[in-house]
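A.B. asks: Input: one structure, supplied below.
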Amino acid sequence: MDSALYTNYLNILKSELIPALGCTEPIAIAYASAKAAQLLGEFPDSIEMRLSGNIIKNVKGVTVPNSGGLKGIDIAAVLGAVGGNADKALEVLEEITPEHIQKAKELTELGICSCSLAENVPNLYISAKARKDSHYAEIVIADQHTNIVKMEKDGKLLLKKELETVTEPVSVDKSKLTVKDILEFADQVKIEDIEEIIGQQVRLNTAIAQEGLDNNYGAQIGKTLMHVWGKSVTTRACARAAAGSDARMGGCSMPVVINSGSGNQGITVSLPVIVYADEWEVSREKLYRSLVVSNLIAIHQKYYIGSLSAYCGAVSAACGAGAGITYMYGGSYQQVSLTIINTLGNVGGIVCDGAKPSCAAKIASSVDAALMAFQLSIQNKSFLPGEGIIKGDVEETIKSMGYIGRVGMRATDTEILNVMIDRADINQDC
């Protein structure tokens, strides 16, 4: 493999596979608020949040980590200002104490935080403005959960990036991803180059899955699957991925290694592969190379779909996991491609209606579909070009699904938000 492409793929993994504490959207709100308070230099009298619809959608129903079970935008923002460590980015709430939680509850009840919908902004957009008397500080995040594009204090602009020029670092180019090159990279990558990032993903994501199985979080999807479906490798792959999401959506404070900016996607892309590696007793090296495939295949799809949309990221992540399992099994490029095509031809387009406990069920369904796709692919069976969105090859199929997620579901995204915030008159329109 060309050295520049090798470096690019390695840097993509390093930039994407990072630890985060709790669902990334409320954490990003807490981070923005903590940074605004830090820039202000004193504790604010008020916090004004302006958020894109997708951020509102993904925070409304999820428990804020380390909050004592509290939910919502206000508590995420106030807790970030009260006890957040702005220097820890997506682990901003790691040092929260019971005293911080109590103070945040009191201030939230007093109405210190206000929130409004920001329109005509990127799908991922957060503005946090902290005020104290006549002073203020504003932080704006866009496109990525920790990507600060504006810093302003008392009318003085300290940082400004034009939104249309906000891009990945020069060393990362996701447009170069292809299934064929991902498999070649997985074959050739030096284990010492991925030891730390993949090893951390295995450790952290396995731990939160076990937490979800051991305790009662959310709707307990993972525990229920293990109880009802037995302990086959297929069940364990679905259940452990779901259990990780049960815990994460239920406010568990344990960190996970994310994928495409999402903890649920990081859980989904890794745990089924880890379960199958254990079942097949493969080497650590084979597991790590298979996780390289699963992570990069998921990232490849999200490049076309976008970071936040009406398209459920569990599908693209599970599709990556299925591809990784096919690779681990010894599948060819053609069979890995068929796993991707078979998954997208089945469950592509499950809608995202925000982060919440039911994400665990969508993960289980998506993983189950990816495992069926794997079983079909190793028998060289697949859906055919011209059947629905399936195109003549895997790259065109990925692009077609990405187009549907980014463009075709744009109106769907708006209407999902309208239903969630009671803007839609569903009785009249139905």
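The values are calculated or read from the model by the stated rules, or taken from the named source; none is laboratory data. None of the values given here were measured: they were computed from a predicted structure. A quick note on method: Cβ atoms are made from the backbone with ideal geometry, for glycine too, and the neighbour counts reach across all protein chains shown. Note: accessible area is taken over every heavy atom of the protein model, side chains too, but ligands, DNA and RNA are not part of it. Shrake-Rupley method; radii C 1.70, N 1.55, O 1.52, S 1.80 Å.
A.B. asks: Measure off 7 Å from each Cα along the Cα-to-Cβ vector at residue 396 and residue 430, then give the distance between these two points in nanometres to one decimal.
C.D. replies: The two pseudo-label positions are separated by 3.9 nm.
A.B. asks: Right, something else. Rounded to the nearest whole Å², what accessible area per residue is found for region 1-70 with the 1.4 Å probe? Walk me through the numbers on the way to the answer.
C.D. replies: Numbers: 1930 Å² over 70 residues.
About 28 Å² of surface per residue is accessible.
A.B. asks: Over the Cα atoms of the chain, what Rg and Dmax result, in angstrom?
C.D. replies: So, for the chain, Rg and Dmax equal 21.1, 69 Å respectively.
A.B. asks: Shifting gears a bit: If packing is taken as the average number of other Cβ atoms within 10 Å across a peptide's residues, how do 129-142, 1-14, 108-121 rank, most packed first?
C.D. replies: Numbers: 129-142: 19.5, 1-14: 16.4, 108-121: 14.5.
Descending mean neighbour count gives 129-142, 1-14, 108-121.
A.B. asks: If you don't mind, there's one more thing I want to ask. Leaving out ligands, DNA and RNA, and with a 1.4 Å probe, what % of the accessible surface on the chain is carbon or sulfur?
C.D. replies: Working: 8340 of 17130 Å².
Result for the chain: 49 percent of the exposed heavy-atom area is carbon or sulfur.
A.B. asks: Sum up the charges of everything whose Cβ sits under 12 Å from the Cβ of residue 239, counting Lys and Arg as +1 and Asp and Glu as -1, but leave residue 239 out.
C.D. replies: On the way: positive: 223, 231, 236, 240; negative: 246, 368.
Charge balance in the 12 Å sphere: +2.
A.B. asks: For the chain, what does the helix formula give at 222 nm: sum of -39500 (n - 2.57) over DSSP H segments with n ≥ 4, over the residue count, nearest 500 deg cm²/dmol? Numbers along the way, then the final one.
C.D. replies: Numbers: 17 runs with 237 residues, N = 430.
Computed ellipticity for the chain at 222 nm equals -18000 deg cm²/dmol.
A.B. asks: Rounded to two decimal places and with Rh computed the Kirkwood way over Cα pairs, what is Rg over Rh for region 260-319? Could you put the intermediate results ahead of the total?
C.D. replies: Values: Rg = 12.1 Å, Rh = 11.8 Å.
Rounded to two decimals, Rg/Rh equals 1.02.
A.B. asks: Cut-off under 19 Å on the C-alpha distance; same-chain residues fewer than 8 positions from residue 223 excluded. Which lysines are left, in chain and number order?
C.D. replies: Straight-distance partners of residue 223: 231, 356, 362.
A.B. asks: In Å, what Kirkwood hydrodynamic radius results for region 71-193 from the alpha-carbon pair distances?
C.D. replies: On the way: mean 1/r = 0.0567 Å⁻¹.
Answer for region 71-193: a Kirkwood hydrodynamic radius of 17.6 Å.
A.B. asks: Suppose we keep just the alpha-carbon trace of region 167-324; what are its Rg and Dmax in angstrom?
C.D. replies: Computed over the Cα atoms of region 167-324, radius of gyration and Dmax are 15.3, 49 Å.
A.B. asks: Rounded to the nearest 0.05, what FRET efficiency do residue 278 and residue 156 give with R0 = 56 Å and r taken as the Cβ-Cβ distance? Could you check? Let's see the in-between values first.
C.D. replies: On the way: r = 55 Å, r/R0 = 0.99.
Efficiency for this residue pair is about 0.50.
A.B. asks: Evaluate the distance, in nm, between pseudo-label points positioned 7 Å from the Cα of residue 14 and of residue 411 along their respective Cα→Cβ axes.
C.D. replies: 4.5
A.B. asks: Could you tell me which of rounded, prolate or oblate describes region 1-139, using a ≥ b ≥ c as the square roots of the eigenvalues of the alpha-carbon gyration tensor, with rounded for a/c under 1.5 and, failing that, prolate when a/b is larger than b/c and oblate otherwise? Could the numbers behind the result be given before it?
C.D. replies: Values: a/c = 1.90, a/b = 1.72, b/c = 1.11.
Prolate, because a/c is 1.5 or more and a/b exceeds b/c.
A.B. asks: Set the Förster radius R0 to 35 Å, insert the Cβ-Cβ distance between residue 195 and residue 109 as r into 1/(1 + (r/R0)^6), and round the FRET efficiency to 0.05.
C.D. replies: Details: r = 48 Å, r/R0 = 1.36.
The calculated FRET efficiency here is 0.15.
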